[in-house]
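As structure tokens, the structure follows; a few thoughts come after it.
The values are calculated or read from the model by the stated rules, or taken from the named source; none is laboratory data. Quantities reported herein were computed from a predicted structural model and do not represent experimental measurements. Glycine gets a Cβ as well: all are built from the backbone with ideal geometry, and neighbour counts include every protein chain shown.
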Amino acid sequence: MATKSYKVFWTGSAQIDLIEIIEFIKTDNEKNARAIFQKIKTKSKELDKLPLRGRVVPEFREFNIDKYRELIISPWRLIYLVEDHSVYILSVVDSRRDLEELLYKKVMQIPEV
């Protein structure tokens, strides 16, 4: 039986998160930055076959929001959403930071329409 394949998309915000992480690491160790970039990209691509492998984001569960999942790529959390046959990478955050605070800052950056 063929495995259903999902398309994995990175949102602009998640791409910026990843670039900022890699640029920060690169200031100290370029080789390590490249390795981490590859690791995160490889793990995200694996979601095309196993999109539900990540857990529901615990901070969201307390509000009965269970459609957002996360894949731990220590020390980062790859936060994503599965809809239809697509996986949307929404954010890459440092697991040592307060997720609620980070999300608040992101929401406050959204310009008014």
Scan segment 12-46 residue by residue and report those that are touching an Asp or Glu at 6+ places or on another chain (Cβ under 9 Å) and either in a loop (DSSP other than H, G, I, E, B) or free of Cβ contacts under 8 Å to residues at least 12 places away in the same chain (or both).
33
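Can you report the number of residues in segment 47-82 which are outside any strand (DSSP E or B) and exposed (fewer than 14 other Cβ atoms within 10 Å of the Cβ)? Full working, then the answer.
Going residue by residue through segment 47-82, those that are outside any strand (DSSP E or B) are 47-54, 57-67, 74-75.
Add one more test, that the residue is exposed (fewer than 14 other Cβ atoms within 10 Å of the Cβ), and what stays is 49-50, 52-53, 58, 61-67, 74-75.
Residues in segment 47-82 being outside any strand (DSSP E or B) and exposed (fewer than 14 other Cβ atoms within 10 Å of the Cβ): 14 in total.
Quick check on residue 14: is it of a type in the set (Gly, Ala, Ser), closer than 18 Å to residue 94 by Cα and surrounded by fewer than 16 Cβ atoms within 10 Å (Cβ to Cβ)? Don't jump to the end; show me each part of the working.
Details: of a type in the set (Gly, Ala, Ser): yes; closer than 18 Å to residue 94 by Cα: yes; surrounded by fewer than 16 Cβ atoms within 10 Å (Cβ to Cβ): no.
Criteria not met by residue 14.
Those residues that are modelled with pLDDT of 95 or more and part of a loop (DSSP other than H, G, I, E, B), I need them from segment 1-10; list them, please. Let's see the steps before the verdict.
Narrowing segment 1-10 to residues modelled with pLDDT of 95 or more: 6-10.
Correct list: 6 only.
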